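Where a number appears in this text, it was derived from the coordinates with a stated rule and is not lab data. Just so it is clear, the model here is predicted, and its values are computed rather than measured. Counting neighbours? That spans all protein chains shown, and the Cβs are built from the backbone with ideal geometry, glycine included.
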Amino acid sequence: MKLYETLKKESPQLLANTAFPKKRIMGNFTSELICERSVAFENFLDYILSVNELRESEHFLGFLQDDEMTKACRLIDERRNELAIPIFENT
């Protein structure tokens with residue numbers, strides 16, 4: 001996962017005891033693996049939110065907001081401001 005790898009590279013000391021299960025070549029869609037990865041991702045996000053440095057990281061904020069901000073900027077470029085404003089307000 002890109003977010004995990006980026007944060008680990010940026011702040012290795014903060015993620016030294018945090019692991020994220022890797023994808024497998026086979027069996028990625030078993031309910032057990034999906035459940036395991038979902039729980040791990042939720043725990044990972046909880047951990048990020050509990051550590052100020054990670055929570056305020058440019059990479060984490062980009063992970064949360066990038067798609068919405070891109071969409072809002074595209075709407076502004078298209079002069080569809082009335083559709084962009086709610087996106088900016090919610091982001």
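Karplus-based coupling profile of region 32-40, in residue order and whole Hz: 5, 5, 4, 4, 4, 5, 5, 5, 4, with θ = phi - 60° in 6.51 cos²θ - 1.76 cosθ + 1.60 and x standing for Gly or Pro.
Candidate cross-link partners of Lys23 among the aspartates and glutamates, defined by an alpha-carbon separation under 17 Å and a same-chain spacing of 8 or more, comprise Glu5, Glu32, Glu36, Glu42. A cut-off under 15 angstrom between Cβ atoms defines the neighbours of Val51, and their net charge, with Lys, Arg +1 and Asp, Glu -1, is -3. Of the trypsin sites (Lys or Arg not before Pro) in the chain, the ones in a loop by DSSP (not H, G, I, E or B) with at most 16 other beta carbons within 10 Å are Lys22, Lys23, Arg24, Arg79, Arg80.
Loop-located GluC sites (Glu not before Pro) in the chain (DSSP state other than H, G, I, E, B) with a sparse environment of at most 13 neighbouring Cβ atoms within 10 Å: Glu56, Glu78. The C-alpha atoms of the chain define a longest principal axis, and helix 81-90 lies at about 40 degrees to it. In the chain, Cα pairs under 8 Å separated by at least six residues give a relative contact order of 22 percent. What residues of region 36-76 lie in the reach of a label at Lys9, counting those whose backbone N is under 14 Å from a point 7 Å from the Cα along Cα→Cβ? Zone members listed by number: 59-60.
Could you give me the ³J(HN,Hα) list for region 43-54, computed from phi with Karplus coefficients 6.51, -1.76, 1.60 and θ = phi - 60°, whole Hz, x at Gly and Pro? Result, rounded to whole Hz: 5, 4, 5, 4, 5, 4, 5, 8, 10, 3, 4, 6. Which option, (1) 138; (2) 116; (3) 87, is the value of volume of the Cα convex hull per residue in Å³ that was calculated from these coordinates? Of the labelled values, this structure produces (1).
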